[in-house]
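**Q** Input: one structure, supplied below.
Any read-out appearing in this document is the output of simple, stated calculations on the displayed coordinates, not a laboratory observation. It should be emphasised that the depicted structure is a prediction, and the values quoted were computed from it without experimental measurement. Backbone-built Cβ (ideal geometry, glycine too); neighbour counts: all protein chains shown.
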Amino acid sequence: MNILVEDVLELLEFILTTTYFVFRDQIYCQKFGTDVGSPVSPMVADIFMEFLEQSAIASVPVECKPKLWKRYVDDILEIIKKHGVDALTQHLNSVDDTGSIKFTAEQEQDEQMPFLDTLIVRKADGRVKLLVYRKKTHTDQFSPSAAA
């Protein structure tokens, strides 16, 4: 049996537009976004973010163009001159016509920058040291199924 592209698109549209959930015994319909537990959510989010970042990088003004751009899902690490941070953030926020995505910027402090579970430490000689990073709220507690 061959599955047509049209069938896949119809199924995907159904999955993405019929998300219901229960909260305090009340049934709600999610109006925007994907279901957190859905297997297609990470894929759809990644496709959207890739489309958005390609549009943003292709149209970014020269004065705030990053030297490095690395993204994992919706976390982005970029190297940019300090004077270009605000302009780049404004540019990124102007690319999404829906206004659904809001970019924010964190700047390096004390030559350190957390990214995901890594702490990037910039050395005086220009080298970079990577350390394991844990947020202040991290408890080192794991559920039994996660530890197995």
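**Q** Place a +1 charge on the Cβ of each Lys and Arg in region 5-107 and a -1 charge on the Cβ of each Asp and Glu, then give the dipole magnitude about the Cα centre in debye, rounded to the nearest 20.
**A** 600
**Q** Gain in length, Glu63 to Asp125, computed as 0.36 nm per residue apart minus the alpha-carbon separation, to one decimal in nm?
**A** Taking Glu63 through Asp125 to full extension adds about 19.7 nm, to one decimal.
**Q** Just want the answer: with Cβ charges of +1 for Lys and Arg and -1 for Asp and Glu, which residue in Gly37, Leu11, Val128 is farthest toward the dipole's positive end in the chain?
**A** Val128
**Q** Can you give the percent of C-alpha pairs in region 109-148 whose distance is more than 13 Å?
**A** 62
**Q** Sort His83, His91 so that the residue with the fewest other Cβ atoms within 10 Å of its own Cβ comes first and the one with the most comes last.
**A** The fewest-first ordering by Cβ neighbours comes to His83, His91.
**Q** Can you tell me how much longer the chain between Tyr20 and Val85 gets when fully stretched, taken as 0.36 nm per residue apart minus their C-alpha distance, in nm with one decimal?
**A** In short, 19.5 nm is gained.
**Q** Which distance in nm do the two modelled labels at Tyr133 and Leu77 give, with both placed 7 Å along the Cα-to-Cβ direction?
**A** Result for the modelled spin labels: 0.8 nm.
**Q** Answer rounded, prolate or oblate for the chain, using the Cα gyration tensor with square roots of eigenvalues a ≥ b ≥ c: rounded when a/c is under 1.5, else prolate when a/b is larger than b/c, else oblate.
**A** Verdict is oblate for the chain.
**Q** Excluding residues fewer than 8 places away in the same chain, name every one of the lysines whose C-alpha is closer than 29 Å to that of Lys129.
**A** Lys65, Lys67, Lys70, Lys81, Lys82
**Q** Considering Cα pairs under 8 angstrom that are at least six residues apart, work out the relative contact order of region 87-132 and quote it in whole percent.
**A** 21
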